[in-house]
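The values are calculated or read from the model by the stated rules, or taken from the named source; none is laboratory data. Computed from a prediction, not measured in an experiment: that's the story for all the values here. Here the Cβ positions follow ideal geometry from the backbone for every residue, glycine too, while neighbour counts run over all protein chains shown.
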Amino acid sequence: AQSVTQPDIHITVSEGASLELRCNYSYGATPYLFWYVQSPGQGLQLLLKYFSGDTLVQGIKGFEAEFKRSQSSFNLRKPSVHWSDAAEYFCAVGARGGGADGLTFGKGTHLIIQP
Amino acid sequence: DTEVTQTPKHLVMGMTNKKSLKCEQHMGHRAMYWYKQKAKKPPELMFVYSYEKLSINESVPSRFSPECPNSSLLNLHLHALQPEDSALYLCASSLLILETQYFGPGTRLLVL
């Protein structure tokens, strides 16, 4: 079965500083990988996705992520964070298994922006 | 347009009540999903419909009953829920299974 690990539960970054959120996945074949962001009490918004092709993918709000097969990683980056980026970030893998087809999420990383 | 709508936004119900959550999309997507999200936890998949066919997550109690009347609508019928079922219930849709999923804003459910 597939799994996703986000090793950082909380990350604090100063406004204007760069950001990297880590994500590692476990899946036998090439996975479909996603990053979603969730503000408190809200649904999930898609930031970016990787299906195949170029391993560096660009997303909305200035985010990018790089797929590294050798490291089973799909880390999210942003060169300069804004206070509005404070939210919960989920990495997810889309794969078949367990009798149902859907997304398996990591536990999330809570991003705090300090002035 | 990548909008998935969910009603109601909030729902409070007793353990003997019967209620339903509704999800709607008009993007022509043929796969729809229900997720349950407890506070400070990631969403957990409950049900998947693909071309109106149900894939059941075996760990979901029978007090949750999904229904897909057509390719645009997805309901979740609730009966005899427990307080531990209180959570944010998220609906999502995708063009096909394993394609990008678009999420609705969720229904926040409180079971008393």
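The set of residues in the stretch B:1-60 that are out of contact with any strand residue (DSSP E or B) (no Cβ under 6 Å at 6 or more places or on another chain), within 17 Å of A:Gly102 (Cα to Cα) and either in contact (Cβ under 8 Å) with a residue 12 or more places away in the chain or not charged (D, E, K, R) (or both) comprises B:Arg30, B:Tyr51, B:Leu54, B:Ile56, B:Ser59.
Quick check on my filter: what residues within the stretch A:77-105 are facing another protein chain (nearest Cβ under 9 Å) and at pLDDT below 95? Break it down into steps so the answer makes sense when it comes.
Kept after step one, since they are facing another protein chain (nearest Cβ under 9 Å), are these residues of the stretch A:77-105: A:88, A:90, A:92, A:94-96, A:98-105.
A:Ala92, A:Gly94, A:Ala95, A:Arg96, A:Gly98, A:Gly99, A:Ala100, A:Asp101, A:Gly102, A:Leu103, A:Thr104, A:Phe105 - these are the residues of the stretch A:77-105 that are facing another protein chain (nearest Cβ under 9 Å) and at pLDDT below 95.
Of everything in the stretch A:1-12, what is of a type in the set (A, V, I, L, M) and either surrounded by 12 or more Cβ atoms within 10 Å (Cβ to Cβ) or modelled with pLDDT of 95 or more (or both)? Give them in sequence order.
Residues of the stretch A:1-12 of a type in the set (A, V, I, L, M): A:1, A:4, A:9, A:11.
Passing the criteria: A:Val4, A:Ile9, A:Ile11.
Among the residues here, A:Glu15 does not qualify as farther than 26 Å from B:Asn57 by Cβ and surrounded by 15 or more Cβ atoms within 10 Å (Cβ to Cβ). With respect to the conditions (1) loosely packed, with under 14 Cβ neighbours inside 10 Å; (2) farther than 26 Å from A:Gly108 by Cα; (3) within 12 Å of chain A (Cβ to nearest Cβ), B:Pro69 lacks only one, and its number is (3).
So, restricting to strands (runs of 3 or more DSSP E) that lie completely within the stretch B:37-112, which ones have at least 3 residues that are modelled with pLDDT of 90 or more?
Numbers: elements: B:44-50, B:53-56, B:64-70, B:73-79, B:87-94, B:107-111.
Here the list reads B:44-50, B:64-70, B:73-79, B:87-94, B:107-111.
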